[in-house]
Amino acid sequence: MGAKVMERFPAGAPRGSWPAEEYAARLRAEGQPATVVMDLKADDFLVVVPAREEE
(Lines give C-alpha, C1' and ligand atoms only; values in the text may rest on other atoms or scores of the structure.)
Protein backbone atom coordinates (compact mmCIF):
# COMPACT_ATOMS: atom_id res chain seq x y z
CA MET A 1 0.00 0.00 0.00
CA GLY A 2 1.45 3.34 -1.03
CA ALA A 3 0.66 6.96 -0.43
CA LYS A 4 0.31 9.97 -2.67
CA VAL A 5 1.84 13.27 -1.54
CA MET A 6 -0.75 16.00 -2.01
CA GLU A 7 1.33 18.93 -0.74
CA ARG A 8 4.56 19.71 1.14
CA PHE A 9 5.11 22.44 3.68
CA PRO A 10 8.44 23.60 5.19
CA ALA A 11 8.80 22.72 8.86
CA GLY A 12 9.85 26.28 9.70
CA ALA A 13 6.35 27.78 9.77
CA PRO A 14 5.84 30.67 12.20
CA ARG A 15 4.94 29.75 15.78
CA GLY A 16 1.25 28.93 16.08
CA SER A 17 0.90 28.31 12.33
CA TRP A 18 0.03 24.78 11.20
CA PRO A 19 -0.45 25.01 7.41
CA ALA A 20 -0.01 21.26 6.80
CA GLU A 21 -2.60 20.37 9.44
CA GLU A 22 -5.00 23.00 8.11
CA TYR A 23 -4.64 21.70 4.54
CA ALA A 24 -5.14 18.10 5.70
CA ALA A 25 -8.27 19.15 7.60
CA ARG A 26 -9.70 20.72 4.43
CA LEU A 27 -9.04 17.49 2.51
CA ARG A 28 -10.67 15.43 5.26
CA ALA A 29 -13.70 17.74 5.15
CA GLU A 30 -13.93 16.89 1.42
CA GLY A 31 -13.89 13.16 2.24
CA GLN A 32 -10.24 12.33 1.58
CA PRO A 33 -8.38 10.45 4.36
CA ALA A 34 -5.45 12.89 4.56
CA THR A 35 -2.62 12.48 7.06
CA VAL A 36 0.35 14.70 7.91
CA VAL A 37 3.77 13.05 8.11
CA MET A 38 7.26 14.46 8.59
CA ASP A 39 9.99 14.07 5.99
CA LEU A 40 12.99 14.34 8.32
CA LYS A 41 15.56 14.38 5.52
CA ALA A 42 13.91 17.33 3.72
CA ASP A 43 12.63 18.98 6.95
CA ASP A 44 9.14 19.20 5.43
CA PHE A 45 5.67 18.19 6.52
CA LEU A 46 3.89 16.13 3.85
CA VAL A 47 0.13 15.82 3.47
CA VAL A 48 -0.51 12.34 2.12
CA VAL A 49 -3.52 10.26 1.11
CA PRO A 50 -3.58 6.51 0.45
CA ALA A 51 -2.71 5.67 -3.16
CA ARG A 52 -5.55 4.19 -5.18
CA GLU A 53 -4.97 0.77 -6.62
CA GLU A 54 -5.12 0.53 -10.38
CA GLU A 55 -8.31 -1.10 -11.59
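In table form, for the structure just shown:
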read-out: Separation of the M38 and A13 label points, Cα + 7 Å toward Cβ, nm; value: 1.4
read-out: Contour minus Cα-Cα distance for R28 and R52 (0.36 nm per residue); value: 7.0 nm
read-out: 0 to 90° range, to nearest 10: angle between helix 19-29 axis and the chain longest Cα axis; value: 30
read-out: Global form of the chain, assessed from the alpha-carbon gyration tensor, a/c cut-off 1.5; value: oblate
read-out: Sulfur and carbon atoms: percent of accessible area, the chain [1.4 Å]; value: 53
read-out: V49, V5, reordered so the largest accessible area comes first (probe 1.4 Å); value: V5, V49
read-out: Vicinal HN-Hα couplings computed from phi for the range 10-18 (Karplus, 6.51 cos²θ - 1.76 cosθ + 1.60; Hz; Gly/Pro x); value: x, 6, x, 5, x, 4, x, 9, 10
read-out: Heavy atoms of E7 accessible to a 1.4 Å probe, total area in Å² rounded to 10; value: 80
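The values are calculated or read from the model by the stated rules, or taken from the named source; none is laboratory data. What you see is a predicted model, and the numbers here were worked out from it, not measured in a lab. As a convention, Cβ positions derive from the backbone with ideal geometry for all residues, glycine included, and neighbour counts pool all protein chains shown. Ligands, DNA and RNA are stripped out before the accessible areas are found, and what is left, the full protein with its side chains, is counted by its heavy atoms. Shrake-Rupley method; radii C 1.70, N 1.55, O 1.52, S 1.80 Å.
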